[in-house]
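**Q** Below are the structure tokens for one structure; questions will follow.
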Amino acid sequence: MKNIVLLVFVLSFCYVKGQQKADSVVLPFAIAKEKQLSEEDLKNKKEGLYFTGVPDISSDPVNGFGYGAEGSIYFNGKQSDPFFKYTPYRAKLDVAMFNTTREQRELMLRLDVPYVFDTKWRFRAEAGYESNPNLLYFGITEQSLRGLSYYPNGDVSQAAVNNATYSDYENNLDDNNKFYNTYIKKEYILNVSLEHSFMEGRLRTLFGFEFANVGISTFGGNNLLQNENAVSPLLGMGRNNVGIFQTGLIYDTRDLETDPNQGIFAELTNELSLQAFGSAFNFNKTFFHANMYQKVLPSLFKKVVFASRLGYGYTAGAAPFFEYQDQWSSEGSIEGLGGAHTLRGFKQGRFLGRAMNFNNLELRCRFAQGHLFNQHVAFSGVPFMDIGGVWDEVKNSFSFNNYRFSEGLGLRIAWNVNTILRFDYAVSKEDRQFFFNFGHTF
């Protein structure tokens with residue numbers, strides 16, 4: 001891990017030294033005008049090197065009380081840098097450290113360098129470790145869509161309660177079934193990717209490689225994972241290596257990646273895992289992802305943005321069960337279906353299947369902004385709706401009965417333009433959840 005930390009700092013330092021030479025120089029190649037930052041965002045964008053960071057505090061019935069810190073180091077260059085108007089940053093290093101009272105632990109480093117060394121290439125790298133004994137599993141087929149059911153106080157002589165809320169379901173699991181839907185995951189991961197831009201920066205091609213060492217285990221007592229594994233061996237149990245070759249095609253006209261006012265982000269990515277890559281499995285995952293951002297009545301409102309997202313992924317071949325919930329985007333993995341990034345009114349991983357679809361609608365309404373301790377902050381209210389479903393086969397994907405819905409209200413705080421603090425409260429017929437995260441949902 002020390003070597004990885006050293007590597008990302010060296011890359012950042014070398015890159016910043018290189019980009020300083022670009023000051024007062026015209027763009028070395030054309031970039032589409034629609035990708036230029038708005039006048040307001042450009043006015044509030046800081047120059048040079050700066051740091052943002054906040055304590056990461058959370059509480060939920062799955063992971064307990066969480067505490068830690070998340071921060072970012074930004075290398076922005078000067079306004080005379082020709083890329084200053086076209087990029088959210090010249091380089092960014094994210095650091096996250098997190099722990100909970102129920103022993104979830106995470107350490108993650110991420111480096112992102114657009115137009116590395118003033119070329120059309122973009123470099124991204126991610127390295128980290130996670131240990132989580134609170135992950136949930138309800139199956140990897142359409143059967144996971146069934147409502148929750150339980151026997152009151154675990155007494156099988158009583159009539160079962162069907163379509164229960166998650167809290168009632170959890171509270172009525174007896175000691176032998178306490179960890180029925182829970183498993184433990186310990187993972188080391190390294191991901192490196194390169195992107196090359198075309199069409200004045202609107203189009204990018206991508207290739208990368210990810211290597212992970214993943215350990216899966218369960219607790220004692222009655223456990224769904226163990227039960228399914230006893231009937232038919234379930235891929236992914238125990239400790240395994242996963243090597244994945246990644247490719248992608250990305251169309252991007254957003255004016256500001258971290259907090260878009262307008263534009264489209266669409267991508268088609270593919271992950272191929274083969275034993276030839278050092279993986280224990282042979283599988284393929286394809287993911288289509290499209291986001292649209294549009295200002296609403298800009299003559300009346302300074303910043304009201306309608307944001308929508310469509311995501312569809314399919315997992316083929318002999319994939320380990322934990323890969324079903326991971327849809328790989330060029331901007332980082334999206335875990336679903338459920339949790340903070342897809343269907344916010346349901347628990348993370350609540351619904352899984354070979355085919356997965358999720359759709360999100362948000363209205364991002366800025367209502368206040370100003371400066372505090374020489375830091376620019378802006379506040380937005382965000383009503384939202386989430387829709388998602390899973391299917392065993394692509395041909396069944398038009399079955400409306402498989403969709404689940406949730407809605408809620410959020411608060412966004414934009415800190416020095418690039419750092420977004422997200423607070424969301426979501427409800428569904430099954431659950432109520434609160435999230436605090438960095439960055440928009442999409």
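The values are calculated or read from the model by the stated rules, or taken from the named source; none is laboratory data. In this text, all values refer to a predicted model and were calculated from it rather than measured experimentally. Please note: Cβ atoms are built from the backbone with ideal geometry, for glycine as well, and neighbour counts cover all protein chains shown. With ligands, DNA and RNA removed, areas are computed over all heavy atoms of the protein, side chains included. Shrake-Rupley method; radii C 1.70, N 1.55, O 1.52, S 1.80 Å.
**Q** Between the range 179-250 and the range 300-354, what's the alpha-carbon centroid distance in Å?
**A** Cα centroid of the range 179-250 versus Cα centroid of the range 300-354: 14 Å apart.
**Q** Right, another one. Quantify how much of the Cα-Cα distance distribution of the range 240-350 extends past 23 Å, in percent. Spell out each step's value before the answer.
**A** Numbers: 2425 of 6105 pairs.
The calculated P(r) of the range 240-350 puts 40 percent of pairs beyond 23 Å.
**Q** Would you mind estimating how fast the chain diffuses translationally, via Stokes-Einstein at 25 °C and 0.890 mPa s with the Kirkwood radius over Cα pairs, in µm²/s?
**A** Working: Rh = 23.0 Å.
My calculation gives 107 µm²/s for D.
**Q** If the viscosity is 0.890 mPa s and the temperature 25 °C, what Stokes-Einstein diffusion coefficient in µm²/s follows for the range 274-405 when Rh is the Kirkwood radius over Cα pairs? Intermediate results must be reported in sequence, preceding the final value.
**A** Values: Rh = 16.8 Å.
Roughly 146 µm²/s, to the nearest whole number.
**Q** Another question, if that's okay. Protein chains only, probe 1.4 Å: how do 347, 43 rank by accessible area, largest first? List each step's numbers first, then the result.
**A** Details: 347 10, 43 150 Å².
Order by accessible area, largest first: 43, 347.
**Q** While we're looking at this one, here's another question. Please go through the residue pairs 186/395; 33/302; 92/295 and name each one whose alpha carbons sit more than 32 Å apart in this structure. Before the final figure, lay out each step's value.
**A** Working: 186/395 35 Å; 33/302 21 Å; 92/295 27 Å.
Over 32 Å apart, Cα to Cα: 186/395.
**Q** Quick one: work out Rg over Rh on the C-alpha atoms of the range 170-245, Rh as Kirkwood radius.
**A** Numbers: Rg = 19.5 Å, Rh = 15.6 Å.
Computed over Cα atoms, the ratio is 1.25.
**Q** Rounded, prolate or oblate: which fits the range 88-229 when a ≥ b ≥ c are the square roots of the eigenvalues of the alpha-carbon gyration tensor, with rounded for a/c under 1.5 and prolate only if a/b beats b/c? Each step should come with its number before you reach the end.
**A** Numbers: a/c = 3.20, a/b = 2.49, b/c = 1.29.
Prolate is the answer for the range 88-229, as a/c is 1.5 or above and a/b outweighs b/c.
**Q** Under the rule a/c < 1.5 gives rounded, and otherwise a/b versus b/c splits prolate from oblate, where does the range 160-303 land using the Cα gyration tensor?
**A** Working: a/c = 3.40, a/b = 1.47, b/c = 2.32.
Judged from the Cα gyration tensor, the range 160-303 comes out oblate (a/c at least 1.5, b/c at or above a/b).
**Q** Could you please state, rounded to a whole Å, how far the C-alpha centre of the range 64-94 is from the C-alpha centre of the range 407-441?
**A** So the separation of the two Cα centres works out to 20 Å.
**Q** Do the sum for the chain: with -39,500 (n - 2.57) for every DSSP H run of n ≥ 4, divided by all residues, what is the mean residue ellipticity at 222 nm, to the nearest 500 deg cm²/dmol?
**A** On the way: 4 runs with 39 residues, N = 442.
Roughly -2500 deg cm²/dmol at 222 nm, from the helical runs in the chain.
**Q** Continuing with the same structure: Can you work out the Karplus-derived ³J(HN,Hα) for every residue in the range 210-227? Use 6.51 cos²θ - 1.76 cosθ + 1.60 with θ = phi - 60°, whole Hz, and x for glycine or proline.
**A** 10, 10, 9, 10, 10, x, 10, 8, 10, 8, x, x, 6, 9, 4, 4, 5, 5
**Q** Would you list 411, 206, 372 from the most to the least accessible area, probe 1.4 Å? Write down the numbers at each step before the final one.
**A** Values: 411 60, 206 10, 372 100 Å².
In descending accessible area the options line up as 372, 411, 206.
**Q** Also, I was wondering about something else. With the cut-off at 1.5 for a/c, could you classify the range 393-442 from its C-alpha gyration tensor as rounded, prolate or oblate? Walk me through the numbers before you get to the answer.
**A** On the way: a/c = 4.34, a/b = 1.94, b/c = 2.24.
Taking the square roots of the gyration eigenvalues as a ≥ b ≥ c, the range 393-442 is oblate.
**Q** Can you give the relative contact order of the chain as a percent, counting alpha carbon pairs under 8 Å and 6+ residues apart? Intermediate results must be reported in sequence, preceding the final value.
**A** Working: 1158 pairs, mean separation 48.4, N = 442.
It rounds to 11 percent for the chain.
**Q** Taking only the alpha-carbon positions of the range 328-442 and ignoring solvent, what does the Debye formula give for the base-10 log of I(q)/I(0) at q = 0.13, 0.16, 0.18 Å⁻¹?
**A** With one equal scatterer per Cα and no solvent, log10 I(q)/I(0) is -0.54, -0.76, -0.90.
**Q** ³J(HN,Hα) across the range 302-312 via Karplus (A = 6.51, B = -1.76, C = 1.60, θ = phi - 60°), whole Hz, x for Gly/Pro?
**A** Going residue by residue, I get 5, 8, 10, 10, 8, 10, 9, 9, 10, x, 9 Hz, with x marking Gly and Pro.
**Q** Quick one: dipole size for the chain, taken about the Cα centre, charges +1 on Lys/Arg Cβ and -1 on Asp/Glu Cβ, in debye to the nearest 20. Walk me through the intermediate numbers first.
**A** Working: 43 positive and 46 negative charges, 231 e Å.
Roughly 1120 debye, rounded to the nearest 20.
**Q** For labels at residue 159 and residue 290 in the simple 7 Å Cα→Cβ model, what's the distance in nm?
**A** Using points 7 Å along Cα→Cβ, the separation is 4.8 nm.
**Q** How much solvent-accessible surface does residue 342 expose, in Å² to the nearest 10, with a 1.4 Å probe and all protein chains in place?
**A** Residue 342 exposes around 0 Å² with every protein chain in place.
**Q** So, taking all protein chains as they sit and a 1.4 Å probe, how much accessible area belongs to residue 393, in Å² rounded to tens?
**A** 80 Å²
**Q** Where does each of 146, 204 land when they are ordered by accessible area, with a 1.4 Å probe and the largest first?
**A** Details: 146 160, 204 15 Å².
My answer, sorted largest first, is 146, 204.
**Q** In whole Hz and in residue order, list the ³J(HN,Hα) couplings for the range 384-401 that follow from phi through the Karplus curve 6.51 cos²θ - 1.76 cosθ + 1.60, θ = phi - 60°; x for Gly and Pro.
**A** 8, 9, 10, 9, x, x, 10, 9, 7, 9, 4, 4, 8, 5, 9, 6, 5, 5
**Q** Quick one: helix 2-20 against the long Cα principal axis of the chain, what's the angle to the nearest 10°, folded into 0 to 90?
**A** The angle comes out near 30 degrees.
**Q** Moving to a separate point now. For residue 185, give me every one of the lysines with a C-alpha distance below 25 angstrom, ignoring sequence neighbours fewer than eight places off in its own chain.
**A** Cross-link targets: 2, 285, 347.
**Q** Among 107, 260, 348, which residue has its Cα furthest toward the positive end of the charge dipole of the chain, with +1 on Lys/Arg Cβ and -1 on Asp/Glu Cβ?
**A** The listed residue farthest towards the positive side: 260.
**Q** A further question on this structure: Got a number for the accessible area of residue 264? Probe 1.4 Å, square angstrom, nearest 10.
**A** We get 70 Å² for residue 264.
**Q** How large is the dipole of the range 221-347 about the Cα centre if only Lys and Arg carry +1 and Asp and Glu carry -1, each at its Cβ, rounded to the nearest 20 debye? Before the final figure, lay out the partial values.
**A** Values: 9 positive and 11 negative charges, 77 e Å.
That gives a dipole near 360 debye.
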